[in-house]
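Just below is one structure, and these are the notes that go with it.
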Amino acid sequence: MKKKLNFLVFLGICITLLMLLGTPLITTAFLKSQYFLKDTNLVVKISICIYICAVPYVIALFNLKKSAN
């Protein structure tokens, strides 16, 4: 059971970090295709907000990984 939990937490950390790395690219593509916006400041502001909201989640994942060991 412990191995499964460690694997799920590790998988959650990897997926979260990959999505956070792709956030600016995905946001830019979405805004350009849907709203024809080319304002890079808006993309930066949205990405910063997403990163700020993701910090507690990532910290909780690492705490869960630490407590699962």
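The values are calculated or read from the model by the stated rules, or taken from the named source; none is laboratory data. Since the structure is predicted, the reported quantities are computational estimates derived from the model, not experimental observations. Backbone-built Cβ (ideal geometry, glycine too); neighbour counts: all protein chains shown. With ligands, DNA and RNA removed, areas are computed over all heavy atoms of the protein, side chains included. Shrake-Rupley method; radii C 1.70, N 1.55, O 1.52, S 1.80 Å.
What are the pairs, 6+ residues apart or on separate chains, where a residue within the stretch 20-45 that is free of Cβ contacts under 8 Å to residues at least 12 places away in the same chain and more than 23 Å from I59 (Cβ to Cβ) has its Cβ under 6 Å from a residue that is of a type outside the set (S, T, N, Q) and open to solvent by less than 50 Å² (accessible area, probe 1.4 Å)?
Listed pairs, sorted by first residue: L37/L31.
In the stretch 23-69, what residues are within 30 Å of K4 (Cβ to Cβ), among the hydrophobic types (A, V, I, L, M, F, W, C) and over 19 Å from the mean Cα position of the chain (by Cα)?
A68
Do you know which residues across the stretch 28-69 are loosely packed, with under 10 Cβ neighbours inside 10 Å and outside any helix (DSSP H, G or I)?
Residues satisfying the conditions are F36, N69.
Being of a type in the set (A, V, I, L, M, F, W, C) and open to solvent by 100 Å² or more (accessible area, probe 1.4 Å) is the requirement here; does L25 meet it? Working first, answer last.
Working: of a type in the set (A, V, I, L, M, F, W, C): yes; open to solvent by 100 Å² or more (accessible area, probe 1.4 Å): yes.
For L25, the condition - of a type in the set (A, V, I, L, M, F, W, C) and open to solvent by 100 Å² or more (accessible area, probe 1.4 Å) - is met.
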